[in-house]
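**Q** Quick one: the structure is below, questions incoming.
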Amino acid sequence: MPEATSMESVDGVMFPSIAPPPTGLVASPYNETAIKVEWLPVDGWSGEYTVRYNPVLPDLHLARAAGQHTTTMDSKVLIGKLYPYTEYEFAVSASGERGPFSDPIHCFSDEGRPSAPQNLNWSLPGPGDVELRWLPPVRSNGVIMAYVIMYPISSPQPQLAWVIKRENGTV
């Protein structure tokens, strides 16, 4: 466990000025919009921890510039309001913005419900046939395993009696 060694006094209260970064970082998905981050506490540190996080983007420089921060007094935090099925980078400092951050770790948020398929079109290629065409959703929020197409044989028909057909997704 890292240990905070240098001390400084502010208004007569002694506290570590620059603590080493925490170690043992672990991140795990909590749900599709939240990730739990935990670490080993720094010995002798009773101040806040700063957690820096950002989505991992192709241009990592831009991702770090757009990073967000949160603080906690505990050695764990639940980061919410994240994008589904997105890789995030996390680093923790025991000395706020001025202190050194831990080595970054990465974690994906869980998959979520996709947005609707785009540009749904249909045509009648022959008697009794309907051909459907569509584009993938704008936000897949995960791996599309299949598209489910439901239709009635005759109208009106309760939805429970409709025919269900599955078409391959992006896998």
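What follows draws every value from the coordinates through simple rules; no lab data is involved. Since the structure is predicted, the reported quantities are computational estimates derived from the model, not experimental observations. All Cβ positions, glycine included, derive from the backbone under ideal geometry; neighbour counts span all protein chains shown.
**Q** Compute the signed sum of charges (Lys and Arg +1, Asp and Glu -1) over the other residues within less than 14 Å, Cβ to Cβ, of GLN118.
**A** Numbers: positive: ARG133, ARG139; negative: none.
Its environment carries a net charge of +2.
**Q** Under the rule of at least 5 residues apart or a separate chain, name every residue whose amide H is placed under 5 Å from the amide H of SER95.
**A** It is ALA19, THR50, by chain and number.
**Q** If packing is taken as the average count of other Cβ atoms within 10 Å, what order do 81-94, 146-159, 27-40 fall into, highest mean first?
**A** Details: 81-94: 19.7, 146-159: 9.7, 27-40: 17.4.
So the order, starting with the most tightly packed, is 81-94, 27-40, 146-159.
**Q** Tally Lys/Arg at +1 and Asp/Glu at -1 over every other residue whose Cβ is under 13 Å from the Cβ of ARG139; what's the total?
**A** On the way: positive: ARG113; negative: GLU32, GLU111.
So the environment of ARG139 carries a net charge of -1.
**Q** Another question, if that's okay. Between LEU40 and LYS81, what's the calculated FRET efficiency when r is the beta-carbon distance and R0 is 30 Å? Round to 0.05. Working shown, then result.
**A** Working: r = 26 Å, r/R0 = 0.87.
That pair, LEU40 with LYS81, gives E of 0.70.
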